[in-house]
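Structure record follows, encoded as structure tokens.
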Amino acid sequence: MGGHEQTDTEVVTKTRLLKPWNVILLDDDDHTYDYVVEMLRAVFGFTVERAYLHACEVDTAGRTLLITTSREHAELKQEQVHAYGPDPRIPRCKGSMTAIIEPAP
């Protein structure tokens, strides 16, 4: 029996060492509440109620924390937000909303 096989304990320890990352949606004036709700439902699978609460928070606070996850998953979700496209309800809207990722405290 050569080589080293990972034990379940080692795998769990390595998983715990991954730092969590936050995906944060930033406010702008070029997207409607309806757009935010639709986008959050499509990208994150949020309920209408949860998506609406995030829409209210991003509008009043300027940002809202959407999820805390691994860096790789956070980057994927950020890309999906950025790829969602413009709000067809606002003619001046040229693109998606902005999401940033940052290490969770």
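In table form, for the structure just shown:
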read-out	value
Any hit, the stretch 85-105, residues being in a helix (DSSP H, G or I), of a type outside the set (Asp, Glu) and modelled with pLDDT of 95 or more	no
Test: ARG71 is charged (D, E, K, R) and closer than 26 Å to LEU17 by Cα	yes
When residues of the stretch 76-105 are limited to those that are free of Cβ contacts under 8 Å to residues at least 40 places away in the same chain and under 11 Å from the mean Cα position of the chain (by Cα), the one farthest from ASP28 (Cα to Cα)	LEU76
Pairs, first among the aromatic types (Phe, Trp, Tyr) in the stretch 20-41, second assigned to a loop (DSSP other than H, G, I, E, B), C-beta under 7 Å, six or more apart	TRP21/SER70; TRP21/ALA104; TYR35/ASP87; TYR35/ARG89
Test: residue in the stretch 62-71 that is in a helix (DSSP H, G or I) and either surrounded by 12 or more Cβ atoms within 10 Å (Cβ to Cβ) or touching a helix residue (DSSP H, G or I) at 6+ places or on another chain (Cβ under 7 Å) (or both)	yes
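The values are calculated or read from the model by the stated rules, or taken from the named source; none is laboratory data. Worth saying up front: this structure is predicted, and the values here are computed from it rather than measured. Backbone-built Cβ (ideal geometry, glycine too); neighbour counts: all protein chains shown.
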